[in-house]
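Asks: Let me begin by handing over the structure; questions about it come next.
The values are calculated or read from the model by the stated rules, or taken from the named source; none is laboratory data. Computed from a predicted structure; not experimentally measured. Cβ atoms come from the backbone with ideal geometry, glycine included; neighbour counts cover every protein chain shown.
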Amino acid sequence: MVDLLLTPEQQRYQELARKFTREKIIPVAGTYDRTGEFPWPIVEAVKEIGLNCMTAPKEYGGPELDSLTISVIVEEFAYGCAGVATTLGGNGLSSYPVLIAGNEEQKRLFFGTLVAGGLGGFALTEPGAGSDAGAVATVARRQGDEYVINGTKCFITTGAMADIFIVFASTNTALKHRGLSAFIVEREREGITIGHEEHKMGIRASNTVEMRFKDVRVPAGHLLGREGEGFKIAMQTLDMARPIVGAIAVGVARAALDECINYVKSRRDGGRPLASEQLVQFKLADMAMKVETARLMVRRALALKGAGLPYSKESAMAKAYAADVAMEVTAEAVAIMGALGYSKDSRVEKLMRDAKITQIYEGTNQIQRIVIANHLLRG
Ligand SMILES: Cc1cc2nc3c(=O)[nH]c(=O)nc-3n(C[C@H](O)[C@H](O)[C@H](O)COP(=O)(O)OP(=O)(O)OC[C@H]3O[C@@H](n4cnc5c(N)ncnc54)[C@H](O)[C@@H]3O)c2cc1C
């Protein structure tokens, strides 16, 4: 039977996240957007409701939530602020490689750190390796019982704040992407320095930095899976993470729609309420249909994942579609709200800037279309 409704437990999590967003995120979202400061008080507060590491298995002290439930929670956080949702989502993204390929000891180390309140980071992108993850130039050379990592990563979310990272490095450069490997690297390891911090258009409540690795030594036991499995682990991680980006996009789009609805109900121009204009009503209806469709696509991808079925194509579709919807709906919201929409006095100005990142990170929407087309043409 197809069940498109949330379970009572999922509804409880939705309510919990909605209340948290209303009380802890919305009142300060504008301030973080202006200052670009890291939202430490929110990071601290989310621990109190047990949602700081939603993917952590129960045996390591986590809530072990399924991905669909996580998407419901993330949509709520993003409704309040996509930058905060990105920050809070970092622990999920960085934990997927460990869930995919980690052994008992690695899971204990990684989830032990995050469940205790630590932050995780996912370090794949490099100056010469963005969309083409196989071009990673960071190397990890085996020396006795250790690997020595050298290289530079860029655009790493929470890079300056996180306690533990998944770092992708080549253990055999001649093999290109087949030589890529994934490592757990703690922040305190000698040789890690934080470089340039990005000053971003949107999601300004998230921290994005360059990271340099100079002769960083990690125990050989920090290699996830086997040498050469890094690319596969990275791609599986992105499959898992993309619908969550879709959920962020849905949250942003829904917030823009709600702002518009409130605005057109109260705005009177030339005596007539804007809400009475049929053109405006049609626009709102179109925006609402897109938000609903995007959410359904996110949940369908995650329902497939939950059922253990292939979902890579649907994951890419959900991310690309929801991100495009977020961009369209926020731009439409700015248009409907006119001069106020373009002003920093309105919330939709921030929403439009925040929406843009969902088309870029975790694989640009162009790359998602390549993934989708490859699936279509393969069959
Ligand atoms: C705010 C932010 C946070 C991020 N967080 C992280 C993080 O935590 N960890 C991490 O590892 N990375 C992170 N990234 C990096 C992000 O995943 C990359 O920026 C993204 O994958 C695109 O890579 P690029 O910027 O190098 O673009 P490029 O690969 O240089 O692409 C430039 C343009 O060319 C297009 N393009 C490239 N190749 C093709 C192709 N084959 N066919 C058609 N079009 C193509 C792209 O779609 C894009 O439009 C973050 C980025 C940002 C902006």
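Matching residues to (1) surrounded by 24 or more Cβ atoms within 10 Å (Cβ to Cβ); (2) not aliphatic (A, V, I, L, M):
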position: ASP163; (1), (2): no, yes
position: VAL167; (1), (2): yes, no
position: ASN172; (1), (2): no, yes
position: HIS199; (1), (2): no, yes
position: VAL209; (1), (2): no, no
position: ILE244; (1), (2): yes, no
position: ALA255; (1), (2): yes, no
position: GLU259; (1), (2): no, yes
position: GLY271; (1), (2): no, yes
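Asks: Considering only residues of segment 174-197 that are among the charged types (D, E, K, R) and more than 14 Å from the ligand (Cβ to nearest atom), which is surrounded by the most Cβ atoms within 10 Å (Cβ to Cβ)?
Replies: ARG187
Asks: If you go through segment 348-361 one residue at a time, do you hit one that is more than 16 Å from the ligand (Cβ to nearest atom) and either farther than 30 Å from ALA129 by Cα or more than 23 Å from the chain's Cα centre (by Cα) (or both)?
Replies: Looking for residues that are more than 16 Å from the ligand (Cβ to nearest atom) and either farther than 30 Å from ALA129 by Cα or more than 23 Å from the chain's Cα centre (by Cα) (or both), one finds at least one in segment 348-361, hence yes.
Asks: So which residues in segment 150-161 are surrounded by fewer than 24 Cβ atoms within 10 Å (Cβ to Cβ) and closer than 19 Å to ASP215 by Cβ?
Replies: Hits for segment 150-161 are ASN150, GLY151, THR152.
Listed here are the residues, each with its yes/no results for (1) more than 10 Å from the ligand (Cβ to nearest atom); (2) farther than 28 Å from HIS196 by Cα.
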| residue | (1), (2) |
| --- | --- |
| GLY61 | yes, yes |
| CYS81 | yes, no |
| LEU99 | yes, yes |
| GLU104 | yes, yes |
| VAL136 | no, no |
| VAL139 | yes, no |
| ILE164 | yes, no |
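Asks: Exactly one condition in (1) part of a strand (DSSP E or B); (2) out of contact with any Leu (no Cβ under 7 Å at 6 or more places or on another chain); (3) among the aromatic types (Phe, Trp, Tyr); (4) away from the ligand (no atom under 12 Å from the Cβ) is false for PHE111; which is it?
Replies: Condition (1) is where PHE111 drops out.
Asks: Show the residue pairs that are 6+ apart or on different chains and have beta-carbon atoms under 7 Å apart, the first residue being within segment 26-42 and under 18 Å from LEU351 (Cα atoms), the second being surrounded by fewer than 16 Cβ atoms within 10 Å (Cβ to Cβ).
Replies: What qualifies is GLY36/HIS199.
Asks: Okay, moving on. Of a type in the set (Gly, Ala, Ser), more than 20 Å from MET297 (Cα to Cα), part of a helix (DSSP H, G or I) and free of Cβ contacts under 8 Å to residues at least 60 places away in the same chain, is that true of ALA45?
Replies: When the stated conditions are applied, ALA45 passes them.
Asks: Check off (1) within 19 Å of the chain's Cα centre (by Cα); (2) more than 12 Å from VAL43 (Cα to Cα); (3) more than 13 Å from the ligand (Cβ to nearest atom) for GLY118 and give me the number that stays unchecked.
Replies: Failing condition for GLY118: (2).
Asks: Working only within segment 141-154, note down all residues that are touching a strand residue (DSSP E or B) at 6+ places or on another chain (Cβ under 7 Å) and either touching a residue at least 60 places away in the same chain (Cβ under 8 Å) or outside any strand (DSSP E or B) (or both).
Replies: Selection gives ASP145, GLU146, TYR147, VAL148, ILE149, ASN150, GLY151, THR152, LYS153.
Asks: While we're here: Just checking, how many residues over segment 359-379 are in a loop (DSSP other than H, G, I, E, B) and either in contact with a strand residue (DSSP E or B) (Cβ under 7 Å, 6 or more places away or on another chain) or buried (at least 19 other Cβ atoms within 10 Å of the Cβ) (or both)?
Replies: So the count comes out to 4.
Asks: Turning to a different aspect of this structure: Looking for something at pLDDT 95 or above and surrounded by fewer than 14 Cβ atoms within 10 Å (Cβ to Cβ) - is there at least one such residue anywhere in segment 225-241?
Replies: yes
Asks: In addition: Just name the residue that is surrounded by the fewest Cβ atoms within 10 Å (Cβ to Cβ) out of those in segment 323-358 that are among the polar types (S, T, N, Q) and closer than 27 Å to ARG268 by Cα.
Replies: Applying the filter and picking the extreme gives SER343.
Asks: What pairs can you find where one residue is in segment 75-94 and without any contact (Cβ under 8 Å) to a residue 40 or more places away in the chain, the other is aliphatic (A, V, I, L, M) and assigned to a helix (DSSP H, G or I), and their Cβ atoms are less than 7 Å apart, with a gap of 6+ or different chains?
Replies: Final answer for the pair search is ASN91/LEU114.
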